[in-house]
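One structure is given here, and the rest of the page talks about it.
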Amino acid sequence: MWNVIRRLLLGFCLIGLTSAVLLVSDWGQRQSATGSHLPRLAIVQHASQAVLDDGVQGMIDALAAEGFVDGKTVAIQRFNAQNDLPTANAIAKNVTAGDYDLVITASTMSLQTVANANRAGRTRHVFGIVADPFSAGLDLDRSQLLKHPRHLVGIGTFVPVAAAFETARHAFPGLQTIGLAWNSAESNSAAFTRQARAAAQKMGLTLLEGNVDSSNGVGEVAASLVARGAQALFVTGDVTVMVALESVVGAARQGRIPVFSLLPPAVKRGTLFDLGANFYDIGRETGLLAARVLKGTDPATLPVRDYIPERIAVNRLALQGLKDPWQLPADLVARADVVIDASGVHEKTAASLPQPTPGRTYKMGLVFFAPEEGAETCMRGIFDGLQELGFAEGQNLEVRRAHAQGEIANIPALLQNYDNQDVDLVMTMTTPCLTAACNTVRKKPVVFTYVYDPIAAGAGTTFTNHVPHVTGVGSFPPVAETVDVIRQLVPGVKAVGTIYNTSEANSRKVVSVARDLFSKQGIKLEEVAVTGTSEVLQAAQVVASRPIQALWITGDNTALQSFDAIVKVAQDRKLPLINNDPEFVDRGALACVGLGWYPAGKAAARLAARVLLGESPQHLPFENVAVKQLKLNDKVARQLGVTFPAALLKEAGR
């Protein structure tokens, strides 16, 4: 008996000693993970694929650029389900149990598993590398981008299928039948398939479909599609098929037909061309969004939005051995970011872009609403950017400028004038000029900037499906942050007044977004509409006579032309004035939560250079460039007796 007891005591001692050793050996790690109180961040992806790996790297790089460096200012833990659903569900339960400050997911499957495990909203969740979040069954609404769970926000990237089919038909005019393997359990794949069916019907193509439920069966299904007469195989963002892409390519080679996809750079794995998105850039955009949430922005105030930075890859080697006369269109190769040929893999860089033709003078007509500080800043960005790309005004670039003197009615005539002149490009600034260009300019390509929302301006339905002769850069203002700053500067605010021209599509869109955001915070937005600059002073007096505690002016061109009149009314009534254009804050606003227009100008310069060098705007997706700027006015603060919170002073770089 005593021997048994001694053995038991010895066993307990050994267990205790072993536990103590493990505790001590893990002490350093536990100290770094918990003792330093670093924010804890989980990044979850569904499989090991180049698309997802690139996106996650973009997330990590963007977080670091915003000050969230792994191991120093944040503790990042990565999870990978390796394309296994039970593993994905287990990971989802782990990361939403309350131990992480934020979860970022990459892929639709990861979005769904984590969101379903997080229905109670215990953990904030940012998603990216997702084709169509609005069809993922998560109570999202494409027509109401702020309609989403309070803890959940992210970015969708729905690459249009029709463009890929049109490119395939261009590469082989005799194309009649396309094969598609897809997993019906993936909502993103189902959304792509619906688009593929619609595009095929519109183009008179036959779409052969084969359903797969695991990566192991992809090769067999692909071979069956070839046997059924497919002249090409098409791959979408289906994760199940992506994992087994080599099986698809192998089946296609057996049938001597090509594969094309929406997943650059799948060409490195044997596809003929990929017409899709830059997933590293999407990852960076997702990382920037995550950084905003980590810094304190409420996800409920941020919209779910689409972001589709174009990326094209082509593989000349995949033309070898095909039974049909496929060719890679010259314009597709010229636009390609990656080209594979017998000499290797060639990645396009800024240095490899075409240069202006020596001895040629390029001509551009520039139309804007009226001279003002924001427009001047944007113009500096345009011409600095063009000069960096080899277009120097006064040397090989001739610029003809015209403005509408602050009146919308004057814009069409200015545009028609340039449309009939010998210019190579018409460049527009402000939303009224863009809207008019879409309806007026017929002969010349158009590039726009200094615009909030090109879709609201009527330039297209998405950033890739737009008016064929128009491309450019949109810059939607940080409306949610504006509401937040107003609440900090005016504690207990119940009503805010604003003035805008209902004829300006940009103003209507921003005010509609702001109206909803203010309402969610229990703040009434008192609105007064104007139709011209002569009405602004009276409108300011009217709105100031209402029971408001602050004035807010967005980038309405009409209001900005009479900004001094608004300032005078604000000063007379001792109302804090907040705006969205940094260049105007020194003229009497208390604060500005706006955009730096210089980067938007430089981004537009890159598109303008590509058009000047012969690319069609039709193949250049719109871009969104919105670099937030916070400016504070000490003089006005003293006059109003306002003390800026320390957090705002720090953000403004004071």
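The values are calculated or read from the model by the stated rules, or taken from the named source; none is laboratory data. None of the values given here were measured: they were computed from a predicted structure. Methodologically, a virtual Cβ is constructed for each residue, glycine included, from the backbone with ideal geometry; neighbour enumeration extends over all protein chains shown. Remember, those area values only see protein heavy atoms, side chains included, never the ligands or the DNA or RNA. Shrake-Rupley method; radii C 1.70, N 1.55, O 1.52, S 1.80 Å.
Yes/no per residue for (1) in contact with a strand residue (DSSP E or B) (Cβ under 6 Å, 6 or more places away or on another chain); (2) crowded, with 16+ Cβ neighbours inside 10 Å; (3) of a type in the set (Phe, Trp, Tyr):
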position	(1), (2), (3)
533	no, yes, no
539	yes, yes, no
546	yes, no, no
552	yes, yes, yes
555	no, yes, no
559	yes, yes, no
569	no, yes, no
572	no, no, no
576	yes, yes, no
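Could you please find all residues in region 224-238 being touching a residue at least 40 places away in the same chain (Cβ under 8 Å) and hydroxyl-bearing (Ser, Thr, Tyr)?
Of everything in region 224-238, just one residue is touching a residue at least 40 places away in the same chain (Cβ under 8 Å) and hydroxyl-bearing (Ser, Thr, Tyr), namely 236.
Any residue in region 38-62 that's touching a residue at least 40 places away in the same chain (Cβ under 8 Å) and part of a helix (DSSP H, G or I): show its pairings with residues that are open to solvent by 10 Å² or more (accessible area, probe 1.4 Å) and of a type in the set (Phe, Trp, Tyr) at Cβ separation under 6 Å, as long as the two are six or more apart or on different chains.
51/279; 54/279; 54/280; 55/279; 58/280
What about residue 224, is it surrounded by fewer than 24 Cβ atoms within 10 Å (Cβ to Cβ), in a loop (DSSP other than H, G, I, E, B) and touching a strand residue (DSSP E or B) at 6+ places or on another chain (Cβ under 9 Å)?
Working: surrounded by fewer than 24 Cβ atoms within 10 Å (Cβ to Cβ): yes; in a loop (DSSP other than H, G, I, E, B): no; touching a strand residue (DSSP E or B) at 6+ places or on another chain (Cβ under 9 Å): yes.
Answer is no for this residue.
Just to verify a result, which residue in region 629-653, among those that are under 17 Å from residue 589 (Cα atoms) and open to solvent by 70 Å² or more (accessible area, probe 1.4 Å), is modelled with the lowest pLDDT?
The qualifying residue modelled with the lowest pLDDT is 629.
Return yes when residue 614 is on the phi > 0 side of the Ramachandran plot and either open to solvent by 10 Å² or more (accessible area, probe 1.4 Å) or among the small types (Gly, Ala, Ser) (or both) and no when it is not.
Numbers: on the phi > 0 side of the Ramachandran plot: yes; either open to solvent by 10 Å² or more (accessible area, probe 1.4 Å) or among the small types (Gly, Ala, Ser) (or both): yes.
The answer is yes for residue 614.
Is it the case that residue 305 is in contact (Cβ under 8 Å) with a residue 12 or more places away in the chain and either crowded, with 19+ Cβ neighbours inside 10 Å or under 16 Å from residue 130 (Cβ atoms) (or both)? Walk me through it before giving the result.
Numbers: in contact (Cβ under 8 Å) with a residue 12 or more places away in the chain: yes; either crowded, with 19+ Cβ neighbours inside 10 Å or under 16 Å from residue 130 (Cβ atoms) (or both): yes.
The answer is yes for residue 305.
For region 176-198, which residues satisfy the criterion of being part of a loop (DSSP other than H, G, I, E, B) and surrounded by fewer than 20 Cβ atoms within 10 Å (Cβ to Cβ)? Quick ask: steps written out before the conclusion?
At the first step, the residues of region 176-198 found to be part of a loop (DSSP other than H, G, I, E, B) are 176, 183-186.
Selection gives 176, 184, 185.
Specify which of the listed residues (123, 157) is buried (at least 20 other Cβ atoms within 10 Å of the Cβ), hydroxyl-bearing (Ser, Thr, Tyr) and touching a residue at least 40 places away in the same chain (Cβ under 8 Å). Spell out how you get there, then give the answer.
Numbers: 123 fails: touching a residue at least 40 places away in the same chain (Cβ under 8 Å).
Result of the check over 123, 157: 157.
Just one of 517, 560, 551 is at pLDDT 95 or above and of a type outside the set (Lys, Arg); which is it?
551
Which one of these is open to solvent by 70 Å² or more (accessible area, probe 1.4 Å), modelled with pLDDT of 90 or more, farther than 30 Å from residue 268 by Cα and touching a helix residue (DSSP H, G or I) at 6+ places or on another chain (Cβ under 7 Å): 360, 380, 401?
Values: 360 fails: touching a helix residue (DSSP H, G or I) at 6+ places or on another chain (Cβ under 7 Å); 401 fails: touching a helix residue (DSSP H, G or I) at 6+ places or on another chain (Cβ under 7 Å).
One residue alone meets the criteria, 380.
With respect to residue 606, is the statement that it is open to solvent by 20 Å² or more (accessible area, probe 1.4 Å), within 23 Å of residue 450 (Cβ to Cβ) and at pLDDT 90 or above true?
Numbers: open to solvent by 20 Å² or more (accessible area, probe 1.4 Å): yes; within 23 Å of residue 450 (Cβ to Cβ): yes; at pLDDT 90 or above: no.
For residue 606, the condition - open to solvent by 20 Å² or more (accessible area, probe 1.4 Å), within 23 Å of residue 450 (Cβ to Cβ) and at pLDDT 90 or above - is not met.
List, please: which pairs have Cβ atoms under 8 Å, are six or more places apart or on different chains, and start with a residue in region 612-623 that is touching a residue at least 12 places away in the same chain (Cβ under 8 Å) and end with one that is surrounded by 20 or more Cβ atoms within 10 Å (Cβ to Cβ) and of a type in the set (Phe, Trp, Tyr)?
From region 612-623, the pairs are 612/362; 612/391; 621/463; 622/463; 623/463.
Inside region 559-654, counting only helices (runs of 4 or more DSSP H) that do not spill past its ends, which hold 3 or more residues that are closer than 26 Å to residue 508 by Cα?
Details: elements: 563-572, 597-612, 634-640, 646-651.
Qualifying helices (runs of 4 or more DSSP H): 563-572, 597-612.
When region 55-113 is examined, which residues are found to be surrounded by 17 or more Cβ atoms within 10 Å (Cβ to Cβ), among the β-branched types (Val, Ile, Thr) and closer than 23 Å to residue 183 by Cβ?
Correct list: 56, 91, 105, 108, 113.
Might you let me know whether region 270-277 holds any residue that is surrounded by fewer than 24 Cβ atoms within 10 Å (Cβ to Cβ) and touching a residue at least 12 places away in the same chain (Cβ under 8 Å)?
Going residue by residue through region 270-277, those that are surrounded by fewer than 24 Cβ atoms within 10 Å (Cβ to Cβ) are 270.
Then drop every residue that is not touching a residue at least 12 places away in the same chain (Cβ under 8 Å), which leaves 270.
Yes: region 270-277 contains one or more residues that are surrounded by fewer than 24 Cβ atoms within 10 Å (Cβ to Cβ) and touching a residue at least 12 places away in the same chain (Cβ under 8 Å).
Which members of region 308-330 meet the condition of being closer than 30 Å to residue 288 by Cα and either touching a residue at least 60 places away in the same chain (Cβ under 8 Å) or open to solvent by 20 Å² or more (accessible area, probe 1.4 Å) (or both)?
308, 309, 310, 311
Mind checking whether some residue in region 434-448 is among the small types (Gly, Ala, Ser) and either out of contact with any helix residue (DSSP H, G or I) (no Cβ under 9 Å at 6 or more places or on another chain) or within 22 Å of residue 362 (Cα to Cα) (or both)? Give the derivation first.
At the first step, the residues of region 434-448 found to be among the small types (Gly, Ala, Ser) are 436-437.
Pick out the ones that are also either out of contact with any helix residue (DSSP H, G or I) (no Cβ under 9 Å at 6 or more places or on another chain) or within 22 Å of residue 362 (Cα to Cα) (or both) and you get 437.
Yes - at least one qualifying residue is present in region 434-448.
Have a look at 211, 216 and point out the one that is open to solvent by 10 Å² or more (accessible area, probe 1.4 Å) and within 23 Å of residue 130 (Cβ to Cβ). Break it down stepwise before answering.
Values: 216 fails: within 23 Å of residue 130 (Cβ to Cβ).
Step by step, each of 211, 216 is checked, and only 211 is open to solvent by 10 Å² or more (accessible area, probe 1.4 Å) and within 23 Å of residue 130 (Cβ to Cβ).
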